[in-house]
1. Mind checking which residues of segment 168-186 are in contact (Cβ under 8 Å) with a residue 40 or more places away in the chain and under 17 Å from LEU110 (Cβ atoms)?
2. Does GLY202 meet the test of being under 24 Å from PHE19 (Cα atoms), modelled with pLDDT under 95 and out of contact with any Cys (no Cβ under 7 Å at 6 or more places or on another chain)?
3. Output the helices (runs of 4 or more DSSP H) that fall wholly within segment 110-191 and possess 1 or more residues being in contact with a Pro (Cβ under 9 Å, 6 or more places away or on another chain) and surrounded by 15 or more Cβ atoms within 10 Å (Cβ to Cβ), or say none.
4. Name the single residue, out of those in segment 84-109 being touching a strand residue (DSSP E or B) at 6+ places or on another chain (Cβ under 9 Å) and β-branched (Val, Ile, Thr), that is surrounded by the fewest Cβ atoms within 10 Å (Cβ to Cβ).
5. Of the residues that make up segment 191-206, is at least one under 21 Å from LEU37 (Cβ atoms) and in contact with an Asp or Glu (Cβ under 7 Å, 6 or more places away or on another chain)?
6. I'm trying to understand the selection: among the residues of segment 212-252, which are within 30 Å of ARG23 (Cα to Cα), at pLDDT 95 or above and in a loop (DSSP other than H, G, I, E, B)?
7. Taking the condition at pLDDT 95 or above, among the hydroxyl-bearing types (Ser, Thr, Tyr) and at negative phi, does THR41 pass?
8. Could we say that LEU171 is over 21 Å from ARG10 (Cα atoms) and among the aliphatic types (A, V, I, L, M) here?
Amino acid sequence: MPWDPDRYGRFQKERLEAFEDLRRLIRVRDERRVVDLGCGTGEITSQLAAELPRSDVLGIDSSQRMLARAAWLARPGLRFELGAIETAGGEWDLVFSNAALHWLEDHEALLPRLLRMVRPGGQLVCQIPSNHAHPAHVAIVELAGEEPFRAALGAWARRSPVLGIDRYAELLHAAGALELTVLEKIYPHVLPTAAEIAEWTGGSTLVPYFERLPVELHQHFLERYRARLAELFPGSPVFYGFRRILIAATRR
């Protein structure tokens, strides 16, 4: 099950709220070299380019379907390329990432490496979803451990690599960061019913599970998941608090 731009974009308004906070952490300067790691469908990359006059902005993503949706946004000073965050390199005045780094392992090594991609005096600014302890997300891991899904997945379940905010601060300070901001914020979302949480996670958290599960088990998994959500959140509307980590660091 590849990334679906339409399904992911259904909650675009809610997902953009964190970008509004991130943009306040960016030092606005013109003529900068900027990379957006995990740019998705490019809307945030386009807004980022508009905030930084006469800058050269590159959006990188590993999903061809996402980049196909982003292509129409390309213009002088804004371009998109297929690529993986794990192999991204170069020197940049701003290394930016919004809701992508939680898909990568070993954050102990990842965050210092990203800071090393920043030119002295430049910034690393990123937002990392940290909602893995929410009951709706824990339920996914629990279902993956039940049959018939456990056998079909080979006992695999995705464990979040996201660290605590204190550890991110320690890592970046040790790597030479100045003007360091690391904070965690809960974004309050009110959804009509618990079933909407399944729609939300279906465009993101569930993707790697459905990539591994046989197609004939997709609907069965969703039905069991929706039933579990209805037990967890029986009322209407449903409060869905989404926890995110925001980081801004200037390289010494």
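1. Of everything in segment 168-186, those that are in contact (Cβ under 8 Å) with a residue 40 or more places away in the chain and under 17 Å from LEU110 (Cβ atoms) turn out to be TYR168, LEU171, LEU172, ALA174, ALA175, GLY176, ALA177, LEU180, VAL182.
2. Yes; evaluated as a whole, the condition is true for this residue.
3. 149-153, 165-174
4. ILE85
5. Yes, some residue in segment 191-206 is under 21 Å from LEU37 (Cβ atoms) and in contact with an Asp or Glu (Cβ under 7 Å, 6 or more places away or on another chain).
6. Matches in segment 212-252: none.
7. Considered against the rule, which asks whether it is at pLDDT 95 or above, among the hydroxyl-bearing types (Ser, Thr, Tyr) and at negative phi, THR41 comes out as no.
8. The answer is yes for LEU171.
The values are calculated or read from the model by the stated rules, or taken from the named source; none is laboratory data. Worth saying up front: this structure is predicted, and the values here are computed from it rather than measured. A quick note on method: Cβ atoms are made from the backbone with ideal geometry, for glycine too, and the neighbour counts reach across all protein chains shown.
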